[in-house]
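As structure tokens, the structure follows; a few thoughts come after it.
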Amino acid sequence: MMTAMPAIPLSVGANRIVRGVRVPHVCGDPALSEDRDRELSERIVRTALGALATRVTEPTLFEPSQSAPQAVTA
Amino acid sequence: MKLEMASFPVNGIVLGNRTAWSDGKLEINADELVDLVMQDPQVAWADIQVARPGDSTRVVRMRDIIQPKVKSEGQGTTYPGISGRSVDTVGQGRTNRLTDMTIIPCADMPRVNADGSQIWGAAQGIASREINFIDMSGPGAVTPFAETVNLCVVMEPEGQPYADDWNRVIRSTMLKINDLLAGATLGLDAPQLDTFDLDRRDDALPNVAFVPVLASGEHRFGPRTSLSTDVYGVGRLTQPWLLQPTEMLDGAVSGAYNENFTWPIMETLVPYMCSRHGIDFNFSGCIVVRSNWESQAEKQLMANRTAQLAVDTGVTGAIVTTNVRGQRFLETILTVQALERAGINTILMTEEEDNENGTAPPLLVSAPEVTTVVSTGTGGIDATFPAVKNVIGAREPEAHWFEELPPIHGRYGVSHTHDYYGFGKQGYLDY
Amino acid sequence: MTNPIRVVHYLNQFFGGIGAEEQAYAPVQLKDGAVGPGRALQAALGDEGTVVGTIVSGDNYFTEETESAKAAAGELLDRLKPDVVIAGPAFDAGRYGLACAEVCRLAQDRGVTAVTGMFADNAGVLTYRSEILAVSTGIDASEMAPSLQKMARLAIKVLNGEELGPASVEGYVPRGARRPVAHGQLGYERALDMLTARIAGKPYESEMLISNYDIVPPAAPISDADDSLIALVSSGGLVPRGNPDRLVGARSEHFYRYPLDGVDSLSVEDWESVHGGFGTLILNTKDPNYAMPLRTVRSLETRGAIKSVYPTFFSTTGNGTAVSSARRMGGEIAAELSENHVDGVLLVAT
């Protein structure tokens, strides 16, 4: 689940949640240069793929970040 | 702040030659009102019609609903900040109001698309066009407006203006009529005078706050749009506002957002809480929270600031309400959560989602801190709305408005009663 | 009611007097008449009913050997032919609560009125909420006698065919249904009364006792991302330009499939969003990939981060969707993905 509003799926009980940017542009940021935007999109998607490969026991939020994607438990 | 509220009840509106209030009767000169409306060249056609309780009448295309009121003493103007009105702080001195009646501007509105283009007329195909109306009799007559005398100002625009421009015309028209009608009571002795002295506090009583979460139109229409509920005329997304309850009584928070109208925000919970000030609690303030933020961080930040304001105001209890359902309800839940975590006893009053025969929960999103809830139901009406003789709200109302209308399901986001402030006795309970 | 009703009581090994935790595997057995707290139940029934027998079982036995336990208990019920079964109360003991719930279901399957009692968060409630009638108790067994009184009263009400009022009024754990109610007071009056009661530490009753969704256990992680087949699902209202399938902007009950073979990116010329719940300007004038990052996924596919993308894209609008519709759509999509050995899904919402 990739969303700009993680609190909703956390509350509903989705188990792997990745934080996106903003509602109108979840998987990137048009305010960035094209290069930085592509980097951001890749970071978000890699975080999502990483989440799929991570064992979780409860709704867990994964944060794309400058370094490796971090998992944060609800 | 201390406010004297002079109430002039209206149990009937009669058509005559002048505007005057006497002994419960409001006399109006319909032609004079139409002329006043037509002074604005953007209005192509206007009419004044009255919807009375018990009539076989359906009011449609409401754009807002207000109680007529004007300042008779003290600074500022009622409904401040909108339509160019003064932004002077209100809530003090004396206000005259016509009770048991409302002013309802009725007009068509276009649908505005994301790219700014518009669609007028039936081609819009929005479901909300079909479910927002007021029945003055029958099983659908369950809102407070079925019990008030409603002066409807029906208007048509010149050409096909931008929604925002047309909305401004509608608002300023509504306020012109407001000032004229309520102004007729200036200088008269009020049958009822209430004094709300919120400066006097009883230290033995707990301090409580009203925390309405109100959707802003900014995300859809931009920060300067009039298509939003405003605080002193400001509808954009801002951090929470701390207002005195008497400011709200004077209309500091006003303006329709879709079919969320002005009247319920001001004429329900707030006056009731004012009336219990000094008896059950001290009504310390109203914290207006804006919703429709687009990121989780912003939503959380506003909830945090609301809780901080509440703590700084010294309250131990709060009532949180919400309005437009949907993802912005998250702001409301975060607000309740932040208040509870700050140690404030919090009641959430809200409509709920239809539970789809027990398969869906009543709230779109919730949190463990949401423990104390008053539910005003799903907003749906189970019965069929009967055919009516009169339809008020358009020059030539479409035929289907006169006919029997099907029951309305209170499913996600769809509400007919819009009872966000608890003005009705309907509710839902667990079985 | 001329003859006293026949009541069978269910108790676990502890309250049934067999033993404590060491007897948790005690098999289902029958004791004559009322046993232990059953005496309080008999007192509560008075002349109206007689506890003709008590079924006792170990908590572990019932929850681990459920099929055998149910068979044995069922046989006893068939033999005893009660009018009413009272199970527990279990308070907050989870295994006991589950066992009580199972016993109630057995009784109900035989057309016998059954009432249990337990704490609102007991596993028995969480598992069988809509199937059992449970008096809402605290966690303390010191409430035994009053709990049994409430259970008896409720059982007789149901047996007599009386309609039950709301959970908060009748004292039972909500069974998942919510119904319209006409209160005596206006909403804001109720809200202020509730607030002042809560501040003063006086009792009050929330009008919403549960507000959560069901818990779905997480799927096992993908063992090897490089070798994975990933499917793309969107609730952002993405459709080919012109919206050929007429996906609606709100309250959708359908999802649509769009082929991704040979499609490397969702171009703004070929795609748009019809979602009615947020500003779609950026998607529709700049780049739909913000709502479904196909371009990025394809790039990662080329570089071997995943094996491949499932050739069908699933699209719907997540705006005012009824929960039941969402559940059904999710189930349908999941069934197809599962059949086709998809390893993981990227579901992009708003």
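Odds and ends about this structure:
- Of the complete DSSP H runs in chain C, those spanning 15 angstrom or more by Cα along the long axis with a mean Kyte-Doolittle score not below -0.5 are C:66-80, C:94-109, C:144-159, C:187-200, C:323-339.
- Calculated on C-alpha atoms, the gyration radius of chain C divided by its Kirkwood radius gives an Rg/Rh of 1.14.
- Centre separation in Å (Cα based) which lies between segment C:307-321 and segment A:1-61: 16
- Averaging the sequence gap over all C-alpha pairs within less than 8 Å and six or more residues apart, then dividing by the number of residues, gives chain C a relative contact order of 13 percent.
- The lysines within cross-link reach of residue C:31, meaning a Cα-to-Cα straight distance under 26 Å and a gap of 8 or more places when in the same chain, are C:70, C:81, C:150.
- Using the Cβ-Cβ distance between residue C:193 and residue C:48 with R0 = 45 Å, the FRET efficiency computed as 1/(1 + (r/R0)^6) comes to roughly 0.80.
- Averaged over B:343-352, number of beta-carbon atoms from partner chains that fall within 10 Å: 4
- Per-selection metrics, segment C:225-348 (Cα): Rg and Dmax in Å: 14.1, 39
- Distance histogram for chain B (every C-alpha pair counted, 10 angstrom bins, percent rounded to whole numbers): 4, 22, 33, 28, 12, 2, 0
- Å³ per residue enclosed by the Cα convex hull of segment C:5-170: 98
- Distance between segment B:1-61 and segment B:356-431 - C-alpha centres, whole angstrom: 28
- Amide H to amide H distances under 5 Å link residue C:114 with C:85, where only residues 5 or more positions off or on other chains count and H is placed in the peptide plane.
- Among the DSSP helices (H) of chain B, those spanning at least 15 angstrom by Cα along their long axis with an average Kyte-Doolittle hydropathy of -0.5 or more are B:163-183, B:329-341; this is a geometric and hydropathy rule only.
- Radius of gyration (Cα atoms) of segment A:2-73, expressed as a multiple of 2.2 N^0.38 Å: 1.08.
- Label-point separation, residue B:389 to residue C:139 (7 Å along Cα→Cβ), nm: 6.4
- With contacts taken as Cα pairs under 8 Å and at least 6 residues apart, segment A:2-73 reaches a relative contact order of 33 percent.
- Put a dot 7 Å past the Cα of residue B:52, heading toward its Cβ, do the same for residue C:340, and the two dots end up 6.6 nm apart.
- For segment B:306-330, backbone nitrogen atoms closer than 15 Å to the point 7 Å from residue B:239 Cα along Cα-to-C-beta are found at B:306-313.
- Here residue C:253 and residue B:298 are evaluated by their C-beta separation; at R0 = 25 Å the FRET efficiency comes out at 0.20.
- Rg to Rh, two decimals, where the protein assembly as shown supplies the alpha carbon set and Rh follows Kirkwood: 1.01
- Rounded to the nearest 5, the antiparallel percentage of DSSP beta bridges internal to segment C:225-348 is 45%.
- Antiparallel content of DSSP bridges confined to segment C:1-123, in %, to 5: 20
- Beta bridges by DSSP in segment A:2-73, antiparallel share as percent, to the nearest 5: 50
- Highest to lowest packing among C:85-91, A:36-42, scored as the average C-beta count within 10 Å: C:85-91, A:36-42
- For A:49-59, mean number of other protein chain Cβ atoms within 10 Å: 5
- Put the Cα centre of segment C:50-75 next to the Cα centre of segment B:268-333 and the gap is 52 Å.
- Helical mean residue ellipticity (222 nm; -39500 (n - 2.57) per DSSP H run of 4+; nearest 500) of chain C: -10000 deg cm²/dmol
- Using the Cβ-Cβ distance between residue B:122 and residue C:182 with R0 set to 41 Å, the FRET efficiency from 1/(1 + (r/R0)^6) comes to roughly 0.65.
- Relative contact order of segment C:225-348, pairs being alpha-carbon contacts under 8 Å that are 6 or more residues apart, as %: 46
- Shielding by partners - mean other protein chain Cβ count within 10 Å, residues of B:30-38: 0
- Between residue B:279 and residue C:32, the simple spin-label model (points 7 angstrom out along Cα→Cβ) gives 6.5 nm.
- Between 0 and 90°, nearest 10: helix A:34-52 axis offset from chain A longest Cα axis: 20
Each reported figure results from applying straightforward, stated rules to the coordinates on display, with no laboratory input. None of these values were measured; they are calculated from a predicted model. Note that we place each Cβ from the backbone using ideal geometry, even for glycine, and neighbour counts take in every protein chain shown.
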